[in-house]
Amino acid sequence: MELIQSFMNLVAPPITFISLGFFLPPYVVFKYFISLVRAVFSEDVTGKVVLITGASSGIGEHLAYEYANRGAQLALVDSRETPLEQVADTARFYGSPDVITIPADVSNLQDCRRIIDNTMNHFGRLDHLVNNAGIANMTLFEEITDITSFNQIMDTNYWGSVYITRFAIPYLRNSRGRIIVLSSTAAWLPAPRMSIYNATKAALRSMFETLRVELAPEIGITIVTPGFVESELTKGKALYSQGAMEVHQDVRDALIGAIPVETVDACARAIVRSACRGDRYLTEPSWYNGLYYLKAFCPEVLEWCYRIFVYTRPGSSAAEAPSKKMLDVTGAKNVMYPPSIHSVEIAGE
């Protein structure tokens with residue numbers, strides 16, 4: 001057995017490179033052709049039923065508006081009932097023929113069962129499931145005082161998507177529907193202060209890549225990896241060392257630095273457009289793909305940049321991070337950040 005493994009270690013790399021040389025060019029041409037076909041024959045979601053979790057704010061809210069513009073019927077889910085009703089009213093104004101709201105916590109298994117039951121009882125079908133609900137942390141791992149208080153990140157980001165997907169699969173199979181899952185570039189970018197959040201997004205990506213194999217061809221899956229997008233996260237709202245939801249814009253500034261933050265409208269349009277095309281992956285904005293290749297081929301460079309410009313030692317202020325200092329000196333925040341994320345209050349928790 002060891003001899004076989006040694007042989008495979010020796011021959012697998014050159015065979016892989018030779019195979020790529022033969023098959024990669026025609027594969028790229030084929031993929032480009034398929035993308036053109038999908039763009040021409042994009043799915044019409046008029047009258048179809050779309051369920052969106054985490055729909056009371058941020059990307060989820062604006063996904064509701066984008067689907068409403070396309071005439072879809074909506075089931076909107078969030079634990080915050082008042083803002084959820086406001087989003088529903090706006091979605092109706094934008095053109096959705098029927099909108100229901102389902103106050104629920106996706107980290108609760110029985111709530112997820114109820115979400116699907118309510119959707120099917122009202123609409124009788126389900127075409128798109130958008131797994132968007134999520135929370136983040138922005139604290140160094142060593143500064144966490146009670147690690148168990150951060151279980152809620154995995155419960156919401158990962159298990160929330162897994163639970164509701166499990167209950168939705170039979171109905172999505174009947175409609176030959178689609179799952180859209182909001183992972184993140186954090187799934188492969190080792191951004192400091194976000195270790196647990198990053199891990200949940202990596203788990204989501206792996207989970208739904210596996211489900212893509214298991215559920216094809218009846219159910220399509222689009223995995224979305226947004227970068228920094230106008231949202232509660234980019235307002236600095238996250239779990240901090242005590243495990244409580246707080247807002248610390250100094251920490252946000254240190255983490256994001258002078259990286260441009262995309263508007264949530266643009267991100268939502270790109271996601272719905274990609275889902276209707278039947279894309280397997282979407283990175284938004286697309287320039288983050290360059291960072292993916294940097295991570296794949298030069299991981300040390302990326303880690304070095306994070307360590308130098310973003311990372312601060314436990315107990316030190318985020319204001320000491322070079323990324324934060326450069327942002328303040330240059331005034332880049334006024335150009336790189338949408339006005340809406342310059343301030344935020346804790347509300348509706």
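The values are calculated or read from the model by the stated rules, or taken from the named source; none is laboratory data. Remember, predicted model here, so these are calculated numbers, not experimental data. Note: ideal-geometry Cβ built from the backbone for every residue, glycine included; neighbour counts use all protein chains shown. The protein model used for the area step is the full one, side chains on, heavy atoms only, and it has no ligands, DNA or RNA in it. Shrake-Rupley method; radii C 1.70, N 1.55, O 1.52, S 1.80 Å.
Worth a mention:
- Residue satisfying condition, being of a type in the set (A, V, I, L, M, F, W, C), under 21 Å from the mean Cα position of the chain (by Cα) and under 22 Å from Met120 (Cα atoms), within set Val50, Val45: Val50
- In summary, Ala258 fulfils each of the numbered conditions (1) hydrophobic (A, V, I, L, M, F, W, C); (2) modelled with pLDDT of 85 or more; (3) more than 16 Å from Gly227 (Cβ to Cβ) with the single exception of condition (3).
- Any chance Arg173 is surrounded by fewer than 17 Cβ atoms within 10 Å (Cβ to Cβ) and in a helix (DSSP H, G or I): yes
- When restricted to residues that are part of a loop (DSSP other than H, G, I, E, B) and within 17 Å of Phe141 (Cα to Cα), the stretch 237-263 contains 6.
- Selection status of Leu327, out of contact with any His (no Cβ under 9 Å at 6 or more places or on another chain) and more than 30 Å from Ile219 (Cα to Cα): yes
- Single residue of the stretch 140-193 satisfying the filter (basic (Lys, Arg) and out of contact with any strand residue (DSSP E or B) (no Cβ under 9 Å at 6 or more places or on another chain)) that is farthest from Arg125 (Cα to Cα): Arg166
- Among residues of the stretch 13-40 that are at pLDDT 80 or above, none has a beta-carbon under 7 Å from a residue that is open to solvent by less than 80 Å² (accessible area, probe 1.4 Å) at least six positions away or on a different chain.
- The stretch 74-83, residues that are touching a residue at least 24 places away in the same chain (Cβ under 8 Å) and surrounded by fewer than 24 Cβ atoms within 10 Å (Cβ to Cβ): Ser79, Arg80, Thr82, Pro83
- Residues that are more than 30 Å from Asp44 (Cβ to Cβ) and surrounded by 14 or more Cβ atoms within 10 Å (Cβ to Cβ) do occur in the stretch 296-303, at least one of them.
- Meets criteria (assigned to a helix (DSSP H, G or I), closer than 24 Å to Arg280 by Cα and at pLDDT 95 or above) for Asn118: no
- Of the numbered criteria (1) surrounded by 18 or more Cβ atoms within 10 Å (Cβ to Cβ); (2) within 27 Å of Lys48 (Cβ to Cβ); (3) touching a residue at least 24 places away in the same chain (Cβ under 8 Å), the one Leu140 fails is (2).
- Subset tally (residues that are within 21 Å of Pro226 (Cβ to Cβ) and open to solvent by 10 Å² or more (accessible area, probe 1.4 Å)) for the stretch 108-135: 4
- Output for the stretch 253-267, where each listed residue is of a type in the set (Val, Ile, Thr) and over 16 Å from Ser184 (Cβ atoms): Thr263
- Per-region count, the stretch 68-104, residues over 15 Å from Ser231 (Cβ atoms) and either under 17 Å from the mean Cα position of the chain (by Cα) or outside any helix (DSSP H, G or I) (or both): 19
- All conditions but one from (1) in contact with a strand residue (DSSP E or B) (Cβ under 8 Å, 6 or more places away or on another chain); (2) open to solvent by 20 Å² or more (accessible area, probe 1.4 Å) apply to Gly278; the one that does not is (2).
- Residue list for the stretch 207-239, filter: more than 18 Å from Leu129 (Cβ to Cβ) and in contact with a Gly (Cβ under 6 Å, 6 or more places away or on another chain): Ser231, Glu232
- Selection of the stretch 297-320 for residues being hydrophobic (A, V, I, L, M, F, W, C) and not in a helix (DSSP H, G or I) yields Cys298, Val310.
- Scanning the stretch 208-243 for residues that are free of Cβ contacts under 8 Å to residues at least 24 places away in the same chain and aliphatic (A, V, I, L, M), we see that the one that is least open to solvent (accessible area, probe 1.4 Å) is Ala216.
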